[in-house]
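First comes the structure, then the notes that go with it.
The values are calculated or read from the model by the stated rules, or taken from the named source; none is laboratory data. Computed from a prediction, not measured in an experiment: that's the story for all the values here. Virtual Cβ from ideal backbone geometry, glycine too; neighbours counted across all protein chains shown. Accessible surface is based on the protein model in full, side chains and every heavy atom, while ligands, DNA and RNA are left aside. Shrake-Rupley method; radii C 1.70, N 1.55, O 1.52, S 1.80 Å.
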Amino acid sequence: MTELEDILVSGEFAAFREAYAPAVHPAGTTAVRETVRRRRRRTAVVTAAAVVLAVAIPVGANAALNRRPDPRPGPAQTATPSPSETTASPTPPPPTPSTASATPAAPDGRISRSQLLAARLDLPTWPGYAPKTCVSDNVRLRSAAESDSVPRLLADPRYGDLDGDGATETVALVACRYGEALAKQVLAFDRDGAGRIVTMGRVVGTHEGMDDITDFSVQDDGKIRAYVADIQPCCSVPEWSPQRQWRTYAWTGERFTQTAGPTKFGVDPRLTDLSLTAGDLVVGQPDTKGNRTATVTLTVVNKGPVDVPLLGFSDFFTIGEPAGGDLSRCRTVRSDGGDACVLDALAAGKRKTYTFTFRYDPPEMADIRPTLRVIHYDPQERWWGDLKFKDNYVELRTAG
């Protein structure tokens, strides 16, 4: 500030004092004390108010944050609550998968033919007389008959879920030769947890009264059907001779058991009971060349229950060549024991008598006795067994 400005300001203050100084009176000692007391009271009030606020503000804020509904009933409210005020239960979070409790998937038991042939298998014990020649432990199946003691795989395997575990198992037909026949088993195979091929069990095997198994199938429901027969064609038993049935088997959890189909064969409804009786074989005197003939009378009874389309007779070789009588009407057909003479039909419950003449040639050995046999033939000239075969033969007594 300049000197001139200082002079001007000082002059203004001097003029102000001169104008207002007479109107201003000092407050005095009493006034000063009262003023001091008022200021102290105001200070105390302000201080107390500040303390109350310092306590009240946090308490109020905490109460606002933790407000609870008033338990006392209030006036009915008609306002519709907002979506955030509904009482629906909150959706729980999805459970975390537990690998420890999950059930492991069943192993795949689909086994190809080549895999079965390459594996070492433990098979169920062979039934009947087969265990004496057929192996069952640590077996490697063959595709063809290489040895009587080594089982072979017949046909191709078939597949299905046999035990209901959601995985596929394998079914196969195996056989082992003993003597002139084959022991057979339908077997089920699976894999264990390590992938090894294991034998699940025997579905069905041949046994006394059920000597053959020729086919099988696996159904959609896991059941197994087997085509079985009462006898096995071999030796002199023809292919058409066995009785055949479809039988159904299922897994019980421990083994396979039959659930449908016949359980036994019973009497073959195609067979009948023929009975043959004969008189003496009457041998005539030699002719000029020393040849003789022999004649016999036979009676055949069909005891039923089946009609016989064709009656046949065989075993002529023990007597000689046919030379007359009813043998002149013979039509020669093949039988299980050689040629046979086929003649007439014979209904159930009926009988017929025949006379046969032979060129007689005495047997070279004295202990050989002439015999005859009667045979049941169908219209296709297929020969059949008899319900009581022992009375189909006669041993002839020689007379003359």
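Brief remarks on what is shown
- In the range 290-308, residue modelled with the lowest pLDDT [restricted to those that are closer than 21 Å to residue 325 by Cβ and open to solvent by 70 Å² or more (accessible area, probe 1.4 Å)]: 291
- Selection count, the range 370-398, where residues are free of Cβ contacts under 8 Å to residues at least 60 places away in the same chain, surrounded by fewer than 15 Cβ atoms within 10 Å (Cβ to Cβ) and over 20 Å from residue 350 (Cα atoms): 2
- Listed conditions (1) of a type in the set (Gly, Ala, Ser); (2) under 18 Å from the mean Cα position of the chain (by Cα); (3) open to solvent by less than 40 Å² (accessible area, probe 1.4 Å) are all met by residue 253, apart from (3).
- Verdict on residue 187 being assigned to a strand (DSSP E or B), within 20 Å of residue 135 (Cα to Cα) and either hydroxyl-bearing (Ser, Thr, Tyr) or modelled with pLDDT under 95 (or both): no
- Selection from the range 309-333 of residues that are surrounded by 15 or more Cβ atoms within 10 Å (Cβ to Cβ) and more than 53 Å from the chain's Cα centre (by Cα): 316, 318, 319, 320, 322, 323, 325, 326, 327, 330
- Residues of the range 113-145 satisfying the condition of being touching an Asp or Glu at 6+ places or on another chain (Cβ under 9 Å), at pLDDT 90 or above and open to solvent by 30 Å² or more (accessible area, probe 1.4 Å): 113, 122, 137, 138
- Enumeration of residues in the range 277-289 that are out of contact with any Pro (no Cβ under 7 Å at 6 or more places or on another chain) and surrounded by 13 or more Cβ atoms within 10 Å (Cβ to Cβ): 277, 278, 279, 280, 282, 283, 284
- Close contacts from the range 244-261, counting a first residue that is without any contact (Cβ under 8 Å) to a residue 40 or more places away in the chain and a second that is among the aromatic types (Phe, Trp, Tyr) and open to solvent by 50 Å² or more (accessible area, probe 1.4 Å), with Cβ to Cβ under 8 Å and a gap of 6+ residues or different chains, come to 244/227; 245/227; 246/227; 261/246.
- Residue 148 modelled with pLDDT under 85, touching a strand residue (DSSP E or B) at 6+ places or on another chain (Cβ under 9 Å), of a type outside the set (Lys, Arg) and open to solvent by 70 Å² or more (accessible area, probe 1.4 Å): yes
- Number of residues in the range 109-159 that are at positive phi and in contact with a Ser or Thr (Cβ under 8 Å, 6 or more places away or on another chain): the value is 1.
To keep it simple, each residue is scored yes or no on (1) among the hydrophobic types (A, V, I, L, M, F, W, C); (2) crowded, with 17+ Cβ neighbours inside 10 Å; (3) under 22 Å from residue 124 (Cβ atoms).
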position	(1), (2), (3)
207	no, no, yes
221	no, no, no
228	yes, yes, yes
234	yes, no, no
249	no, yes, yes
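- Positions within the range 223-251 being aromatic (Phe, Trp, Tyr) and modelled with pLDDT under 95, in sequence order: 240
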